[in-house]
Structures are given as C-alpha cells and as structure tokens.
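Q: Have a look at this one before I ask anything.
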Amino acid sequence: METKSLLLTGILLFVVLTTNIFAQEDIQIGKSLKENTQHNGALYDYSNPEGINIKVMIWGYVQFPGQYIVPSASGVNDLLSLAGGPTQDANVDDLKLFRINPDSSQTIVRFNYSDLLWNNSDLSKPLKIPGLHPGDILLVPGAPKWYLRDYLSLVLSIVSTVASIATLLVYIYK
C-alpha cells in the first residue's frame, strides 16, 4: 500500500515537472542559445574615436538594456537600434526620455515612436525624433503579454498540484 502511494506521488510529481518544462519557450535544434540568454544592464561602447561621444542609458523592454557610449549626433532611433530594438512586450507608444538640463532641472520628453515612424502623412515635414544629450535616459515601458500556452501552463500546474495533494490525502486516510 505504501509503495503504491509513493509510486503514484512520484508519477504526479513527474507530470508537474514535465508540464512546467513543456510550457517553456520552444528551443529549436540548431538555434543559437545566445538568443535565449537574458542580458542584464551593461556598458556598450559604440563610440567614434575621431569624434565627440556621449554616455546615455536605455532601460526597459529592449533586447540589451544598459549604458551606451555613442557619437553625439545619435538620436533615439539610433539608440533603440543599438540596444537590439524593443522586445515583443514593449509599448513603443509611450517612450520617455529623461533629461537633466544644464541648470540641474529635469525634463521628461514623452513621445509615441509608432507615430513618428508610421503616421507621417506629410512627407515634406521631417520626422521630429528627439536627439540625445549627455546623461539622457531612455525608458521603454511595457508589460509581459500572456498567451494561450501561458494560461494553459498555469491551469495545468494548478490542476496537477491539486490532484497530487488529493491523491496523497486519499492514500493517507485509507
């Protein structure tokens, strides 16, 4: 009787573990694992040795957040490109550029990057993509999106846990 309950508990534990493994993001054979690694903030140097360079930061939902050393003529679009672009969870409709002015006051420049790129109906006017100043911080907001497999993984984890606890209680009180 005791071996049956241990065997059943082991099987249910295996089901719970495999449910969590299969709910993870698919990794294809031959695909580089570097794309699946998570990068924390770091220093990236894209400076021009013959020109003037500035230090800026980009945080939030981009591929490679961190501090960047870029040429002074760089703009927000250049910084986004160097950071690997926004992730699929990014909200590019509400980018914020934090800037410290020379008089030590702070300003926040909010802009919609999608409007800048796609809704410019008057091609005679140039796009007004903000330029970068030394010490600027670009924040790319976002929120994780849940897909059907995420909900399915959550439900299966809860159901399998409840089933294993119920089975364990049934075998204990028999």
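Q: Placing +1 at every Lys and Arg Cβ and -1 at every Asp and Glu Cβ, with all other atoms neutral, what dipole size does the stretch 46-140 have around its Cα centre, in debye to the nearest 20?
A: 140 debye
Q: Let me ask another. Summing Lys, Arg as +1 and Asp, Glu as -1, what charge do residues with Cβ under 15 Å from the Cβ of Leu138 carry, Leu138 excluded?
A: Charge balance near Leu138 sits at 0.
Q: Express the relative contact order of the stretch 46-140 as a whole percentage, based on alpha carbon pairs under 8 Å and six or more residues apart in sequence.
A: 36 percent.
Q: Follow-up question, since we're still on this one. Counting Lys and Arg as +1 and Asp and Glu as -1, what is the net charge of the other residues whose Cβ lies under 15 Å from the Cβ of Pro65?
A: Cβ neighbours under 15 Å give a net charge of 0.
Q: Of Val140, Ser74, Ser114, which is farthest along the charge dipole of the stretch 46-140 in the positive direction, counting Lys and Arg as +1 and Asp and Glu as -1 at C-beta?
A: It is Ser74.
Q: On to the next question. With the alpha-carbon atoms as the only input, what is the per residue convex hull volume for the stretch 46-140 in Å³?
A: So the per-residue Cα hull volume is 109 Å³.
All of the numbers you see were taken from the coordinates with simple rules; none came from a lab. All of these numbers come straight from a predicted model, not from anything done at the bench. Cβ: placed from backbone, ideal geometry, glycine included. Neighbour counts: every protein chain shown.
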